Each structure stands twice: as C-alpha cells, then as structure tokens.
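First up is the structure itself, then whatever we jot down about it.
The values are calculated or read from the model by the stated rules, or taken from the named source; none is laboratory data. Everything numeric in this text was worked out from a predicted model, so none of it was measured. FYI the Cβ positions are ideal-geometry reconstructions off the backbone, even for glycines, and counts take in every protein chain you see. These area figures cover heavy atoms from the full protein model, side chains too; ligands, DNA and RNA do not enter into them. Shrake-Rupley method; radii C 1.70, N 1.55, O 1.52, S 1.80 Å.
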Amino acid sequence: VQLQASGGGLVQAGGSLRLSCTASRSISSINIMGWYRQAPGKQRELVASITSGDNTDHADSVKGRFTISRDNAKNTVYLQMNSLKPEDTAVYYCRADLHGSNWFYYWGQGTLVTVSS
C-alpha cells in the first residue's frame, strides 16, 4: 500500500487545514487508517484513527478540534483540523494498518503543518 499525504501548510493560530491521505488501493478493507504527528524533538504520536467499520478515536489533545473521516470511493482519509494552535505544529503522517497473518504497517510521507501565533 502506498500512501500520499497532502494538505499541510502555514496557518495562523485559530485557523483550519484539511489533510488528505490517498491510498494506492481500496481502503475499504484496510483495518485501521491513522494520522500521526511528530513535532521537533518529540516522539511521533497518534492523532486520530478510523477503522474499516468507521469507528473513530482522537487524542485528547485534539478532541473537539480535529476530525478524521474517510471516503472509500476516493481511497482517501481526511483530517479536518480546526482551531489550530502553535503546539499543533508538526509533520503529519498517515498510516495504514493491515491485519493478515500478522499486522502490517504502511506509512505515507509526511506533510508539514506550521501554526503561527
């Protein structure tokens, strides 16, 4: 599975961005799609995830501000980010988790989000 992330950029605090992650194959059977982020000097952390059954989970730090969603027809997962804060500045990555005999993880390239104060 190849993943292409896009939508990052520079935005002022309080602004919005929508990230997209488009897969090279159908995502309807991908068990979990997730958005992660890594800020300078920090570990990569899970921001939000969505299962093939459309169950979603969001990190406490983004609840009420970020929303993950998927469009199976477009093989794309989105992360709508509202009320952005400077601490949201990071490289954002998408990941596809596939469960077969084992779990397999596929990462997309990152997209940089910079929130200015």
key: Percent breakdown of C-alpha pair distances by 5 Å bin, ordered from the shortest bin, for the stretch 56-117   = 4, 14, 20, 25, 19, 11, 5, 2, 1, 0
task = May I ask you to list the aspartates and glutamates whose Cα is less than 18 Å away from that of LYS85, ignoring any residue fewer than eight positions away on the same chain?
result = GLU45, ASP60
query = Tally Lys and Arg at +1 and Asp and Glu at -1 over the other residues with C-beta under 12 Å from the C-beta of TRP103: what net charge comes out?
reply = 0
key: Sequence ranges 93-99, 71-77, ranked by mean other-Cβ count within 10 angstrom, highest first   = 93-99, 71-77
key: Fraction of accessible area attributable to carbon and sulfur, the chain (%, probe 1.4 Å)   = 45 percent
note = Rounded to whole Å², per residue accessible area for the chain with a 1.4 Å probe reads 52 Å²
ask   = In whole percent, what relative contact order does the stretch 15-117 give with Cα contacts below 8 Å and a gap of six or more residues?
value = 31 percent
remark   = One finds the C-alpha centres of the stretch 18-38 and the stretch 41-117 to be spaced, in Å, by 8 Å
task = Using a 1.4 Å probe and ignoring any ligands, DNA or RNA, find the accessible area of SER24 and quote it in Å² to the nearest 10.
result = 80 Å²
inquiry  = How big is the dipole moment of the chain about its Cα centre under a simple scheme where the beta carbon of each Lys and Arg is +1, that of each Asp and Glu is -1, and everything else is neutral? Debye, nearest 20, please.
reply    = 180 debye
